1. Rounded to whole Å and sorted largest first, list the principal axis extents of the Cα atoms in the chain.
2. 7 Å from Cα along Cα→Cβ at both residue 185 and residue 113: what's the point-to-point distance in nm?
3. Between helix 14-23 and the chain, what is the angle of the helix's C-alpha long axis to the longest principal axis, kept within 0 to 90° and rounded to the nearest 10?
4. Relative to the longest principal axis of the chain, what angle (0 to 90°, nearest 10) does the C-alpha long axis of helix 27-41 take?
5. Who wins for biggest fluctuation among 255, 165, 88 in a Gaussian network model of the chain, springs between alpha carbons below 10 Å?
6. Can you tell me the FRET efficiency between residue 328 and residue 149 if r is taken as the Cβ-Cβ distance and R0 is 45 Å, rounded to the nearest 0.05?
7. 222 nm [θ] for the chain, helices only, -39500 (n - 2.57) per DSSP H run of 4+, per residue, to 500?
8. Over the chain, with a Gaussian network built from C-alpha contacts below 10 Å, which listed residue (45, 329, 182) shows the highest mean-square fluctuation?
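We did not get these values from a lab; they are worked out from the coordinates using the rules stated. Predicted, not measured: the structure shown is a model, and the values here were computed from it. So basically every Cβ, Gly included, is an ideal-geometry build from the backbone, and we count neighbours across all protein chains shown.
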């Protein structure tokens, strides 16, 4: 006959176990909380719980002892272990984390050399990759940022956009549409990007360097998910105002507010050649990350890279396939704004006169 299980919760923490389990993000902690939760519910024995969480029953017994003697805090505290102490000190780990945040290493070998020189810690190749990964390090492509960029102005734009909207003195009682717009250059000069392949296999892409270019103007509506596009052989004031008129004509009853960068061929608000139902907000200089259209251009380029296109017309046909998916499905456009400051700043804000979501 099986021995009756002794009392498990000496600290009366059972009511909070389920809530703590749902809120916990760390995998091993969540696993332990689940095991204790199931045991407290009383419907499963230790063997069944062990099978459910994928652990040996001896591990479950160890967790029971920890919880019984010290409660949740003891259960979720890992011991030092009896293995050999690691080489990485807390100071080295903290400094390495900061350098990873700043993107100071191009290769793992550079991080390895820095640890050796600064902290007198030597790692082999496999070990340094392990430690970089453990700290959350990933090999990424750095995004260029112009030396003249004003970081304070870029940050301020995100939190003052609603005020900028009010400064436009938009008419009350009239539908407002907010757009972001920009243009992308495309051409027969090869665009090469990384691709998935197999280890040990060298990927080759055909290229032919030809200097023929075209330009694609694009505008995405922040709240409604509409989109407007225009192919142009060049970029200048005439092409820009032609596209702005296209945006304004998409809904003549609405007032259109267009956010764009300060390129020399882009118009500024108040110009006499602009449509009467269109206003412009200009982004701070050298701040492309404030324009969600940049993300869209990356999507387009992913569909045309690593191929030698015979003509601009053939390239435009391929680009149009991608564009059509967005003008036919507004949810695709809206997905580009999910984590955008535009959503948090303007959605339901009392500082602005209109709502966009």
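1. That works out to 89, 55, 39 Å along the principal axes.
2. The two pseudo-label positions are separated by 3.4 nm.
3. 30
4. Here the helix axis deviates by roughly 60 degrees.
5. 88
6. Numbers: r = 36 Å, r/R0 = 0.80.
My answer for the efficiency is 0.80.
7. Values: 13 runs with 158 residues, N = 357.
Estimated from H runs of four or more residues: -14000 deg cm²/dmol.
8. The residue with the greatest mean-square fluctuation here is 45.
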